[in-house]
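See below for the structure under consideration.
Every number in this text was worked out from the coordinates using simple rules, so none of it is lab data. Remember, it's a predicted structure, so these values are computed and weren't measured experimentally. Reconstructed Cβ throughout: ideal geometry from the backbone, glycine too, with neighbour counts over all protein chains shown.
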Amino acid sequence: MDSAIKRACVIGSGPNGLAAAIVLAQAGMRVDLFEAEAEPGGAVRTLPLTLPGFRHDFGSAVYPFAAGSPFFSKLPLANHGLEWIHGEAPLAHPLDDGSAVVLERNLEQAERALGADGKIWRGLMQPAADDWMEFEAVLEKANAKRVFVVAIVGHGRKHDATLTAYQQAARKNAAQDKFGKVHVEVVSFDAVTDPDEIALDLITLVS
């Protein structure tokens, strides 16, 4: 074996561990992937946890960003049996009073369900949904330039305290070079800021 080949060890074969191992292997490294369980997958595994014939999502089941992931879209996952299934309502969370919070795929329905906050929420989410490919390109550019952006939306004392904490952490990490030349940007937006302005400001940070 060529001793010049660099080696890497990845602990855990969940989706993050597998993705890391693939990236390292694509870079020409010899990768050893270690997993304590009998089968890979981490929280994404499907297991027979209750009655015979029933299989359950072990830790997670809904992956709205995975289907549009720049990384996953570049892998031949369909050749290995992956099929993205899009339910009419991806998930629901029951509440103690008998009602439930439902994640809707239809943004108009989601806006109505959120009541007074619906318009602002849809204004923030609709551009990303409509122009996902452009947004994906921005994310890839940020990753290539090693820019980590923390966007804090809101107002009031809790918002100000959160903003201050992130800003202090960013300065500390920059001073210690904790992330290895990663540039951390902390930006604040009021809850009523025009979503297009937010997108433009985030794009400017990584351009």
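All conditions but one from (1) touching a strand residue (DSSP E or B) at 6+ places or on another chain (Cβ under 8 Å); (2) among the small types (Gly, Ala, Ser); (3) surrounded by 13 or more Cβ atoms within 10 Å (Cβ to Cβ) apply to residue 92; the one that does not is (3).
State yes or no: is residue 61 surrounded by 13 or more Cβ atoms within 10 Å (Cβ to Cβ) and closer than 26 Å to residue 14 by Cα? So residue 61 fits the description; yes.
Evaluating residue 101 against the criteria (1) loosely packed, with under 11 Cβ neighbours inside 10 Å; (2) farther than 22 Å from residue 12 by Cβ leaves one unmet condition, (1).
Note on segment 1-117: enclosed strands (runs of 3 or more DSSP E) holding 2 or more residues that are touching a Lys or Arg at 6+ places or on another chain (Cβ under 9 Å) are 7-11, 30-34.
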